[in-house]
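To start, the structure itself, in structure tokens.
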Amino acid sequence: MTKSPLGPRKILQPDGCGARSSMFGATVSSEQPNSTAIRTAGVSRHYTMGESVIRAVDGVSLEVRSGEFVALLGSSGSGKSTLLNLIAGLDRPSAGAIYAHGRDLAQMSPLELAKHRSRTVGMVFQSFNLLPRMSLAENVELPLRLAEVDRRERPGRVREALERVRLSARMDHRPSELSGGEQQRAAIARALVNRPTILLADEPTGNLDSHTGEEILNLIAEINGSLGMTVVMVTHERPLAERYAQRQIFLADGKLVGGNGEP
Amino acid sequence: MKFVDLTELASRNLREAMLRNILTTLGIGVGVASLVAMLSLGVGLQELLSGRLERTGLFDTVYVASRRAFGDVGRPRKAQAAAEPIRPLDEAARTEIAGLANVVEVYPEIRFPAELRYEDAPRMMTVAGLPESARQREVFDGIKGAFFTSASADETILQIEFARDLEQEPLSLLGKELVLRYAERQPLAAPAGASATPPDAEGGANWGFSVVPREVKLRIVGIVETEPGSGFGGFGRSRVFIPLQLAQRLSSVQFGDLRQAMRTTAPEYISLSVRVSSAGQVPAVQEQIKKLGFQTFSLHDAAKSLRLAFAVLDSFLGAFGSLALAVASLGIVNTLVMAILERRREIGILKALGASDRDVKQLFFAEAGVMGLLGGVLGVGLGWAIGRAINFGINVYLKRQELPPQTIWAVPWWLVVSAITFALLVSLVAGLYPASRAAKLDPVQALRYE
């Protein structure tokens, strides 16, 4: 699975930060096989709609090891996207705890949570979510702006990220000038550019034909393999999950189905 | 997010909804323009009027008299006489006052009765000395002929009514000669056997004077419409003017000299006019002269109430101008609230990529700020142009009325700076609500929004 049909890869350079440098070596997972990237403890997310309470996520406890590629599966409305948003720090749990590298997101201040979204996780969406009026390079630069990365360092980082997804030739194009697959690759480059340790993908193939979808998953698997990035992917396509993910977690009505919350 | 990135993204976002943002910015521009136009006219009018008043020479002059001048007519005041000796307004005092800071010149008021002969017809007139600085005064703007060629030339300027008395066609008098007959004061030497100083001399000796008739020929160089500086502290009522130094040289007997004739003190001035470098310095100079022991008068207080009137006028004009800016600021609120609705998804994406609430807030704030700044700059330019146009229109009207052109419009640098700052502040305040609303947007909801 980690063997990519796409030839030799350039490996992103370690940035000197201890915890992170391990993530960029090719042999990360074998170095620290037991370190936990994400752990949830009885996490719940409830919405109140008028009189009734909707339990989108209901007491989920799971653990994802560093460098693991996990698929979150479930029918629509099962709570898998809500769970992903909670891990991403876009949403806050109603109860329970979510640990990313040991730090509880539920206890973080809004500013710390923004930092978590900026530095620790990278997100990829079903509908790509590129800003239509910016070029690819500008879209990819956006997380660097938000993370206040030095301006002189940015062009190199943007180029590096776009090279990794094989789009460096099209960096001045606007998203609308690209195919769906290319747009999703650009979105992946944007998710990688800040060198996060966790990649969260919400139905990344949902808007793509099956061939392009496979291409994207190959790319994600390659990133998982070569960079040792932890990947959590939400999907409802079980065959794809079986082919690419190391482990599948099933959700129904906001609860885990079967005891596969532990690695 | 860093400031550079913030402004970059903000101006980028502004370019995206070009038309709407241009219209909003124009709205602010028009608001600022109305403010600038109103205030520039107010300031210009003030400058015009205070400039004219300053040129009358009334507001930058302190009139000095001895404490005795009004005190000892009639019975002497007991208390004052006992308290401190009264300082005479003599040559020494004049030199001392001239040495004070911000004093441009000190000159005595010289007026004397004289007989003027033109074509052998004698007329009794009061002649007044004019200081060289009077040249700048407004009354001499419309002079026929010219001002004195020097401060001591044997020349005269006549008021037009008097000139008409002399000649039916007053302008034909220019260049002609007039004979001035006056009574000269000749100081007497000490009588034989007297001591060196007279008994009550305070400074210098004065053994009295004799009065001798004299004559001087004066060339008529100029004719003026109005009497320069009539009323208090001016040059008294007079229709014949000669250079001040000439008047001093003639040493004619003045109206107040009768009192001098009875005393043996050194000659004193009845009053001195002290010209100050600017009207604003008048109170300080006045205070210093008072400390020297003299009475002072100035029209500074009158000028103060004039300034007050203009301050009220300016704030009225400013309030009306600001009203337009307030309306324009509602345009900013509207534009930014619309932008939030339109850019919901974008805000969600930014948050997913790591933007904090503060980043989003600052982004909208920066957009409001950029619009305010551009609108402010635009408005100052526009207001400047409107002010000029109004000034031009008024001058066309003045020309039709055969009046001289005037500048009733001024845009001082403080007005430019404060108008732009004001526009920026108003825009930022207008951006407060939209910015906090955008920051509060739930990213999960925003990303779901199609």
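Would you be able to say whether some residue in the stretch B:129-149 is polar (S, T, N, Q), within 24 Å of B:SER278 (Cα to Cα) and touching a strand residue (DSSP E or B) at 6+ places or on another chain (Cβ under 8 Å)?
At the first step, the residues of the stretch B:129-149 found to be polar (S, T, N, Q) are B:133, B:136, B:149.
From what is left, the residues that are within 24 Å of B:SER278 (Cα to Cα) are B:133, B:136.
Still in the running and touching a strand residue (DSSP E or B) at 6+ places or on another chain (Cβ under 8 Å): B:133.
Yes, some residue in the stretch B:129-149 is polar (S, T, N, Q), within 24 Å of B:SER278 (Cα to Cα) and touching a strand residue (DSSP E or B) at 6+ places or on another chain (Cβ under 8 Å).
Identify, from the list B:ARG94, B:ARG52, B:ARG77, the residue that is modelled with pLDDT under 85 and under 30 Å from B:PRO267 (Cα atoms).
Values: B:ARG94 fails: modelled with pLDDT under 85; B:ARG52 fails: under 30 Å from B:PRO267 (Cα atoms).
Unique residue meeting the criteria: B:ARG77.
Would you please name the residue that is surrounded by the most Cβ atoms within 10 Å (Cβ to Cβ), looking only at residues in the stretch B:351-371 that are charged (D, E, K, R) and within 11 Å of chain A (Cβ to nearest Cβ)? Walk me through how you get there before you give the answer.
Let us first name the residues in the stretch B:351-371 that are charged (D, E, K, R), namely B:351, B:357-359, B:361, B:367.
Keeping just the survivors that are within 11 Å of chain A (Cβ to nearest Cβ) gives B:351, B:357-359.
Working: B:LYS351: 27, B:ASP357: 18, B:ARG358: 15, B:ASP359: 23.
For the stretch B:351-371, the residue satisfying everything is B:LYS351.
Any idea which of A:VAL234, A:VAL193 is among the β-branched types (Val, Ile, Thr) and within 23 Å of A:GLN248 (Cα to Cα)?
On the way: A:VAL193 fails: within 23 Å of A:GLN248 (Cα to Cα).
Selected residue: A:VAL234, the only one of A:VAL234, A:VAL193 that is among the β-branched types (Val, Ile, Thr) and within 23 Å of A:GLN248 (Cα to Cα).
When residues of the stretch A:107-139 are filtered for being in contact (Cβ under 8 Å) with a residue 60 or more places away in the chain, closer than 16 Å to A:ILE38 by Cα and aliphatic (A, V, I, L, M), how many remain?
Number of matching residues: 2.
Which condition number does B:ILE157 fail, the rest of (1) modelled with pLDDT of 85 or more; (2) assigned to a loop (DSSP other than H, G, I, E, B) being met?
(2)
For the stretch A:171-191, state whether one or more residues are touching a residue at least 12 places away in the same chain (Cβ under 8 Å), closer than 30 Å to A:ARG65 by Cα and in a loop (DSSP other than H, G, I, E, B).
The first filter runs over the stretch A:171-191 and keeps only residues touching a residue at least 12 places away in the same chain (Cβ under 8 Å), leaving A:171-176, A:178-191.
Still in the running and closer than 30 Å to A:ARG65 by Cα: A:181-191.
From the residues that got through so far, the ones that are in a loop (DSSP other than H, G, I, E, B) too are none.
Within the stretch A:171-191, not a single residue is touching a residue at least 12 places away in the same chain (Cβ under 8 Å), closer than 30 Å to A:ARG65 by Cα and in a loop (DSSP other than H, G, I, E, B).
Checking the conditions here, which among A:LEU84, A:LEU105, A:LEU73 is farther than 27 Å from A:LEU142 by Cβ and at pLDDT 90 or above?
Only one candidate qualifies: A:LEU73.
Identify all residues within the stretch B:405-450 that are within 14 Å of another protein chain (Cβ to nearest Cβ) and among the small types (Gly, Ala, Ser); write none if there are none.
Filtering the stretch B:405-450 for residues within 14 Å of another protein chain (Cβ to nearest Cβ) gives B:436, B:439-450.
Those that are within 14 Å of another protein chain (Cβ to nearest Cβ) and among the small types (Gly, Ala, Ser): B:SER436, B:ALA439, B:ALA446.
Scan the stretch A:162-198 residue by residue and report those that are among the hydrophobic types (A, V, I, L, M, F, W, C) and in contact with a Phe, Trp or Tyr (Cβ under 9 Å, 6 or more places away or on another chain).
Here is the first cut: in the stretch A:162-198, the residues among the hydrophobic types (A, V, I, L, M, F, W, C) are A:162, A:165, A:167, A:169, A:171, A:178, A:186-189, A:191-193, A:198.
Passing the criteria: A:ALA186, A:ALA187.
Any residue in the stretch A:120-136 that is over 20 Å from A:THR205 (Cα atoms) and away from every other protein chain (no Cβ under 13 Å)?
Kept after step one, since they are over 20 Å from A:THR205 (Cα atoms), are these residues of the stretch A:120-136: A:120, A:133-135.
In the following step, the residues that additionally are away from every other protein chain (no Cβ under 13 Å) were identified as none.
Within the stretch A:120-136 (the criterion being over 20 Å from A:THR205 (Cα atoms) and away from every other protein chain (no Cβ under 13 Å)), the answer is no, since none of the residues qualifies.
Being assigned by TED's automatic domain parsing to the domain that holds B:GLU91, at pLDDT 70 or above and over 30 Å from B:GLU161 (Cβ atoms): is that true of B:GLN254 here?
Values: assigned by TED's automatic domain parsing to the domain that holds B:GLU91: yes; at pLDDT 70 or above: yes; over 30 Å from B:GLU161 (Cβ atoms): no.
So B:GLN254 fails the test.
Here is a yes/no grid of residues against (1) crowded, with 18+ Cβ neighbours inside 10 Å; (2) modelled with pLDDT under 85; (3) assigned to a loop (DSSP other than H, G, I, E, B):
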{"site": "B:THR407", "(1), (2), (3)": "no, yes, yes"}
{"site": "B:THR421", "(1), (2), (3)": "no, no, no"}
{"site": "B:SER427", "(1), (2), (3)": "yes, no, no"}
{"site": "B:ARG437", "(1), (2), (3)": "no, no, no"}
{"site": "B:GLN445", "(1), (2), (3)": "no, no, no"}
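Quick test of your reading of the structure: B:LEU23 fulfils all but one of (1) away from chain A (no Cβ under 13 Å); (2) surrounded by 21 or more Cβ atoms within 10 Å (Cβ to Cβ); (3) not charged (D, E, K, R). Name the failing condition by number.
(2)
Residue under question is A:ARG145, and the condition is that it be facing chain B (nearest Cβ under 10 Å), in a loop (DSSP other than H, G, I, E, B) and touching an Asp or Glu at 6+ places or on another chain (Cβ under 8 Å); does it hold?
Considered against the rule, which asks whether it is facing chain B (nearest Cβ under 10 Å), in a loop (DSSP other than H, G, I, E, B) and touching an Asp or Glu at 6+ places or on another chain (Cβ under 8 Å), A:ARG145 comes out as no.
Tally time: how many residues in the stretch B:313-345 are surrounded by 21 or more Cβ atoms within 10 Å (Cβ to Cβ), within 14 Å of another protein chain (Cβ to nearest Cβ) and either of a type in the set (Val, Ile, Thr) or part of a helix (DSSP H, G or I) (or both)?
Within the stretch B:313-345, residues that are surrounded by 21 or more Cβ atoms within 10 Å (Cβ to Cβ), within 14 Å of another protein chain (Cβ to nearest Cβ) and either of a type in the set (Val, Ile, Thr) or part of a helix (DSSP H, G or I) (or both) number 1.
Residues that are surrounded by 24 or more Cβ atoms within 10 Å (Cβ to Cβ): which strands (runs of 3 or more DSSP E) entirely in the stretch A:64-131 hold 3 or more of them? Write out each step before concluding.
Numbers: elements: A:69-73, A:95-100, A:121-124.
So the answer is A:69-73, A:121-124.
Going by what's in this entry, would A:LEU111 be described as touching a Leu at 6+ places or on another chain (Cβ under 8 Å) and modelled with pLDDT under 95? Give the steps one after another, and end with the answer.
Values: touching a Leu at 6+ places or on another chain (Cβ under 8 Å): no; modelled with pLDDT under 95: yes.
So A:LEU111 does not fit the description; no.
If we scan the stretch B:220-240, do we find a residue that is under 13 Å from B:TYR182 (Cα atoms) and either at pLDDT 85 or above or not in a strand (DSSP E or B) (or both)?
For the stretch B:220-240, residues under 13 Å from B:TYR182 (Cα atoms) and either at pLDDT 85 or above or not in a strand (DSSP E or B) (or both): absent.
Which one of these does A:ARG166 not meet: (1) in a strand (DSSP E or B); (2) at positive phi?
With respect to (1) in a strand (DSSP E or B); (2) at positive phi, A:ARG166 is out only on (1).
Among the numbered criteria (1) assigned to a helix (DSSP H, G or I); (2) touching a strand residue (DSSP E or B) at 6+ places or on another chain (Cβ under 9 Å), which one does A:GLU214 miss?
Of (1) assigned to a helix (DSSP H, G or I); (2) touching a strand residue (DSSP E or B) at 6+ places or on another chain (Cβ under 9 Å), only one is false for A:GLU214: (2).
From the list B:GLY376, B:GLY387, B:GLY348, exactly one residue is at pLDDT 90 or above, in a helix (DSSP H, G or I) and more than 14 Å from chain A (Cβ to nearest Cβ). Which is it?
Values: B:GLY387 fails: at pLDDT 90 or above; B:GLY348 fails: more than 14 Å from chain A (Cβ to nearest Cβ).
Result: B:GLY376 is the single residue among B:GLY376, B:GLY387, B:GLY348 that is at pLDDT 90 or above, in a helix (DSSP H, G or I) and more than 14 Å from chain A (Cβ to nearest Cβ).
Being facing chain B (nearest Cβ under 8 Å) and either outside any loop (DSSP other than H, G, I, E, B) or under 28 Å from A:ARG55 (Cβ atoms) (or both) is the requirement here; does A:ARG151 meet it? Let's see the steps before the verdict.
Values: facing chain B (nearest Cβ under 8 Å): yes; either outside any loop (DSSP other than H, G, I, E, B) or under 28 Å from A:ARG55 (Cβ atoms) (or both): no.
Taking the combined requirement at face value, the residue does not satisfy it.
The values are calculated or read from the model by the stated rules, or taken from the named source; none is laboratory data. Since this is a predicted model, take the numbers as computed values, not measurements. Because the Cβ atoms are built from the backbone with ideal geometry, glycine has one as well, and the counts that use them run over all protein chains shown.
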